[in-house]
Amino acid sequence: MGSTFEMQVDAVAAYLSKGLGAPVAVFKLRQTFPGASRETWLVDAEVAGRPEGFVVRVDCPGGPGVPQSMRHEWEVYTRLWRSTIPVAEPLWYDEGIDFAQGRPHMIRRLVEGSTHIPGLTDDTDEGRRLRRAVVFEHVEKLAALHRMDWAAHGFGEFIPAPASPAQALRNEFDIWKTLWLEGRSEPFPMMTEVLYWLEENIPADTPFVSLVKGNNGVGEEIWKDGRIVAMSDWELASLGDGVLDIAFSQGTLALDDFGDAIRHYEECTGTEVSPHRLAFCMFWIMFKAVACLNIYMLGGYLGGANPRMTRPAFGLISVRASQRRLAACIGKDPVDAWRAIAGHQASTYARFGGRK
Amino acid sequence: MTPSSRNLIAGIARTLEQDVLPDLAMSTWTASYIRSCLALLAHLEVRVVEEGPFLFEDNAELRSLLLSLRADLAALPDAAAVAAAALAVGRAAGDYPSIDALTEENTRLKSALEYLVAAIHDGRDTLGEARFQDVHGRVLAYLRRSGDREFVMFEKASGYSPL
């Protein structure tokens, strides 16, 4: 399928040759699916006769589906590469050049593994055991990330940090409320009501400030032999409350018993996750999704820079559906409200037959 | 007989869903673009019929709400002024309202209501608890009714994956 913005094998080969300072032959080039906030292209190549793989991560035409820049994601990768958190090796970043129509992009090495976990959705005892193991592995990687000393790795140099753990979710709320008010496509009085309801319920029991991944889960991370070997797609990385990642696992932590997943996270981090904090984060992620889909996904379409219908489909239909769910919760205790609607989130991974 | 817009949109969707999509691998962008189109067609199939009546009814109820709020928010003069300014712009009587005109009116009235929602919350102490509960209750009731009315245009579409 061709389009103006499709990556071309010859252009990618020439660009990688220049960047690596060696002749590169590209054998296979394909865009990963799903993943609509940025484009991710997998490259099977030969460099000076040796097989190697690369990933081209590039902003969509019309901009990404998130507020953070590609440069932000690049900075996250370069610091994590020097940490114990598994990520692919970042090679270089550029923007405003001939390649990819000038779109901001980064090149990283391809990590051996897959976003696909065979048998994960099988309705067998083995499938159930696999799902539990996958959930626990994912929880352990998130816990390690949340316990990482982000200041020592330089994340405070480019990400605004909350003044204290108690301020973590307040800080998050203020940042995103401003983004929403400045960028929404039309007046949303119901979302204003939702924001006041959320503001009344901001928890202050965050035990420590963490590097938060943002969108995460099966379908995002790279798996090999039952382990996550690379955590990928850091476009929403921020400094804040790690429970936001629990709420943004896109169904992954609910593949097995969700309560067990939370208890395992508590054991790994040595801290308690209060039901109020968990429920708030669940609703907060719903709001953040509405903000991203309306401001950035629909915005790119309305501006004319990205004609792909994925954008209005998300920015119009998904936003209205989420707004309706949130509206039904206004005035309720968040824990009660979440119990009433929990389970509506199907795993994105399972919905597409388990293959990215 | 000329087929209706709704009938044609439903026909296009049926063709894409039954004759095109099955031939495509599910986990590809090509299939995803078709699914996005199907979701939007499901929305349009209802919207072409319902949008005009929805906007007409919603604008009337919004006007009525803003009128009552203008009177009840005397303690918040800026908010009352925003309501008054939004209500001052009318539509010429007798004109057949186009969708664009109804949408423009709806956006203007909703923009004023959005401002009022914030003003009501921020001015809770000034209003007093009883007045706040009364005014806020009426706003929320309208927003829920309006949301339910509007969601008729999105209900079928939300059953489709946008990806």
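Only the coordinates and a few stated rules stand behind these numbers; no lab work does. In this text the structure is predicted, and so the values were computed from the model without any measurement. Here the Cβ positions follow ideal geometry from the backbone for every residue, glycine too, while neighbour counts run over all protein chains shown.
Assorted remarks:
- Listed residue (A:Trp180, A:Ala321, A:Trp41) projecting farthest to the positive dipole end of the protein assembly as shown, Cβ model: A:Trp41
- Calculated on C-alpha atoms, the gyration radius of segment A:232-301 divided by its Kirkwood radius gives an Rg/Rh of 1.02.
- Each of A:Tyr196, A:Ala25, A:Leu120 was placed along the dipole of chain A (beta-carbon charges, centred on the mean Cα), and the one lying farthest toward the positive end is A:Ala25.
- Taking a sphere under 13 Å around the Cβ of B:Ile12 and counting the other residues whose Cβ falls inside, with K and R at +1 and D and E at -1, yields a net charge of -1.
- Principal axis dimensions, segment A:125-352 - Cα atoms, whole angstrom, descending: 46, 40, 38
- Legend: calculated FRET efficiency, A:Ala14 to B:Leu24, from the Cβ-Cβ distance at R0 = 25 Å, rounded to 0.05, equals 0.20.
- Proxy reagent accessibility, fewest Cβ within 10 Å first, across A:Trp180, A:Trp92: A:Trp92, A:Trp180
- Simple label model, 7 Å out from Cα along Cβ direction - A:Gln101 to B:Arg145, nm: 4.6 nm
- When you restrict to C-alpha pairs under 8 Å that are six or more residues apart and normalise by the size of chain A, the relative contact order lands at 18 percent.
- Residues in segment A:49-77 reached by a label modelled at A:Ala305 [backbone nitrogen below 18 Å; 7 Å Cα→Cβ]: A:57-74
- Residues A:Thr178, A:Thr32, sorted so that the one with the fewest Cβ neighbours within 10 Å comes first: A:Thr178, A:Thr32
- Multiplying the residue separation of A:Ala151 and A:Arg30 by 0.36 nm and subtracting their alpha-carbon distance yields 39.9 nm.
- Restricting segment A:193-243 to chymotrypsin sites (Phe, Trp or Tyr not before Pro) that sit in a DSSP loop and have at most 16 other Cβ atoms within 10 Å of their own Cβ leaves A:Phe208.
- Summing charges over all other residues whose Cβ lies under 11 Å from the Cβ of A:Phe155, with Lys and Arg as +1 and Asp and Glu as -1, gives -2.
- Only Lys, Arg (+1) and Asp, Glu (-1) charged, at Cβ; segment A:108-229 dipole about Cα centre in debye: 380 debye
- Summing +1 for each Lys or Arg and -1 for each Asp or Glu among the other residues whose beta-carbon sits under 12 angstrom from that of A:Met297 gives +3.
- The sum of -39500 (n - 2.57) across all DSSP H runs of n ≥ 4, divided by the residue count of chain A, sets its helix-only mean residue ellipticity at 222 nm to -11500 deg cm²/dmol.
- Residue order, fewest to most beta carbons within 10 Å, for A:Glu193, A:Glu95: A:Glu95, A:Glu193
- Of B:Trp29, B:Ala112, B:Ala130, farthest towards positive along the dipole that unit charges on Lys, Arg, Asp, Glu beta carbons give segment B:5-155: B:Ala130
- Close amide-amide hydrogen proximity is noted between A:Ala230 and A:Ile222, each under 5 Å apart and 5 or more residues distant or on a separate chain (H modeled in the peptide plane; Pro and chain starts excluded).
- Annotation: amide H-H contacts under 5 Å for A:Glu52 (H modelled 1.01 Å from N, sequence separation of 5 or more, or interchain): A:Ala45, A:Glu46, A:Val47.
- Each 20 Å bin from zero up to the one holding the largest Cα-Cα distance in the protein assembly as shown carries the following percent of pairs: 20, 52, 25, 2.
- Contour minus Cα-Cα distance for B:Asp125 and B:Leu8 (0.36 nm per residue): 36.7 nm
- R0 of 51 Å, Cβ-Cβ distance B:Gln133-A:Arg128: FRET efficiency to nearest 0.05: 0.55
- Compactness of segment A:9-109 - radius of gyration and Dmax, Cα, Å: 13.4, 40
- Links that overshoot a 22 Å alpha carbon limit, given the list A:Lys288/B:Lys156; A:Lys28/A:Lys141; A:Lys18/A:Lys224; A:Lys288/A:Lys332; A:Lys28/A:Lys213; A:Lys332/B:Lys110: A:Lys288/B:Lys156; A:Lys28/A:Lys141; A:Lys18/A:Lys224; A:Lys28/A:Lys213; A:Lys332/B:Lys110
- Table column - 3J(HN,Hα) (Hz), segment A:254-264, Karplus curve with 6.51, -1.76, 1.60, x for Gly and Pro: 9, 5, 10, 5, 5, x, 5, 4, 5, 4, 5
- Rounded to the nearest 20 debye, the dipole size of chain A about its Cα centre is 620 debye, using +1 on the Cβ of Lys and Arg and -1 on the Cβ of Asp and Glu.
- Sites matching trypsin sites (Lys or Arg not before Pro) across segment A:1-88 that sit in DSSP coil, with at most 15 neighbouring C-beta atoms within 10 Å: A:Arg82
- Cα-Cα separations in chain B greater than 28 Å, expressed as whole percent: 42 percent
- Prolate/oblate/rounded label for segment A:85-178 (Cα gyration tensor, a/c 1.5): oblate
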